[in-house]
Amino acid sequence: MKTYFEQVFGELSALIKSDNLRAKTIDAWVLAAEEGGWTEGKQLEQIPFTLLTETHGLNLIEHTIAVTKGAIGLAKAQFDTYHKMPYKIDMDVLISGGLLHDVGKLLEIEKANNSYRKSRNGKCARHPFSGSIIAAKVGMPDEIINTIACHAKEGDGRPQRVETVLIHQSDFATFNPLVMMQKGILIDNEG
C-alpha cells in the first residue's frame, strides 16, 4: 500500500519540504488502510468520499487531492494578493493536513456487498477522531492533528490553525454543491 499512496499523492506530497513530515503523511495512510482492512489501492478508488450525500462517483482519493489543491489555492491567493500577510501559513502543515483530513474514513467506512456503509468504528467515532488517532500513532505533530480533528463540524468553535480553516473551506466547497444538488437547490448554468 505504501507504493500506492506514494504514487497517488506523490505530486502533492513532493511539495512538503520536511522529509519527516512527508514520510509520516504516507505512513498515516498506510496505517489507516491496514487498520481499516483495505489491502489494495484500487479498493480505495471505489470508496465514496462521503456517505452523507450522492457523490456522483467521486471517490475518497479524488476528494483528498481536490481538497488539498483547493486549500493550496486559497493560501496562494492570499500570498499573491495581500500586501502584508496578517498571519503565517505553514505550507507543509497545509499540504500534509489536506492529504490527511479524511484519512480516518478508511476506518469509518466499510464495504458491505456492493455498497458502502458506516463501519462499527465509524459508528463509535467519526473520521476526524479516528484520523487524529492514526496521525498520533505515526508521530504527527499537534498542528497536523488539529487540521484533522477540526476540519469538519467537530471543529466548530474550537481553536484552529489557519491551515485548518483553509482545509475546512476547501472541503466544504467540494461537499456542499453535491448536497445542494441532491436537495434540488443548486442553481446550475442550465436553468
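Listed values for the range 36-44 are Karplus-derived 3J(HN,Hα) couplings in whole Hz (6.51 cos²θ - 1.76 cosθ + 1.60, θ = phi - 60°), namely x, x, 8, 10, 9, x, 4, 4, 5, and x replaces Gly and Pro.
Once the other residues with Cβ under 11 Å from the Cβ of L60 are scored (Lys, Arg +1; Asp, Glu -1), what is the net sum? Here the count lands on -3. Taking amide H atoms as placed 1.01 Å from N in the peptide plane, the amide H of Y116 has no partner under 5 Å among residues 5 or more positions away or on other chains. Normalised size of the range 1-107, defined as Cα radius of gyration per 2.2 N^0.38 Å with N residues, equals 1.14. Per-peptide packing, taken as the mean over residues of other Cβ atoms within 10 Å, places 155-161, 121-127 in the sequence 121-127, 155-161 from highest down.
Normalised by the number of residues in the range 1-71, the mean separation of alpha-carbon contacts (under 8 Å, six or more apart) gives a relative contact order of 29 percent. When restricted to Cα atoms, the chain yields an Rg and a Dmax of 16.3, 55 Å, respectively.
Any read-out appearing in this document is the output of simple, stated calculations on the displayed coordinates, not a laboratory observation. Small disclaimer: the values here were computed from a predicted structure and weren't measured. Neighbour counts run over all protein chains shown; Cβ positions are idealised from the backbone, glycine included.
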